[in-house]
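No lab work stands behind these numbers, since they all come straight from the coordinates. Keep in mind it's a predicted model, so treat the numbers as computed, not measured. Glycine also receives a Cβ, built like all others from the backbone with ideal geometry; neighbour counts cover every protein chain displayed.
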Amino acid sequence: MKKYHLTILGYYNNSDTTHQTTIKCDGMSSSSEGFYRFWVKIEGDRYKDVAFYPIRNTIITNIENI
């Protein structure tokens, strides 16, 4: 499992605000639609999505192994 530290730009109504959040999950991937997908493994080859964030507004500031 990993802990992803994110900064989201323009978090509130596309303003100059930012929002920091942390996601604990098993992995992440990027989609061709322009989103980061964060997921946890639930059993076998099955995964559950826990969060989606737009790539163009998201900065991954740190990734920790936990």
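Points to keep in mind about this one:
- Exposure rule at most 16 other beta-carbon atoms within 10 Å, DSSP loop chymotrypsin sites (Phe, Trp or Tyr not before Pro): the chain longest free segment: 13-66
- Cα shape, segment 17-66, gyration tensor, a/c 1.5 rule: oblate
- Per-residue Karplus couplings for segment 56-63, computed as 6.51 cos²θ - 1.76 cosθ + 1.60 with θ equal to phi - 60°, are listed in order as 5, 10, 10, 10, 8, 8, 6, 10 Hz, Gly and Pro entered as x.
- FRET efficiency, 1/(1 + (r/R0)^6) with R0 25 Å, evaluated for GLU43 and LEU9 via beta carbons: 0.10
- Exposure proxy order (Cβ contacts within 10 Å, fewest to most) of MET28, MET1: MET1, MET28
- Integer Hz, Karplus 6.51/-1.76/1.60 couplings in order for segment 41-47, x for Gly and Pro: 7, 9, 5, x, 9, 9, 10
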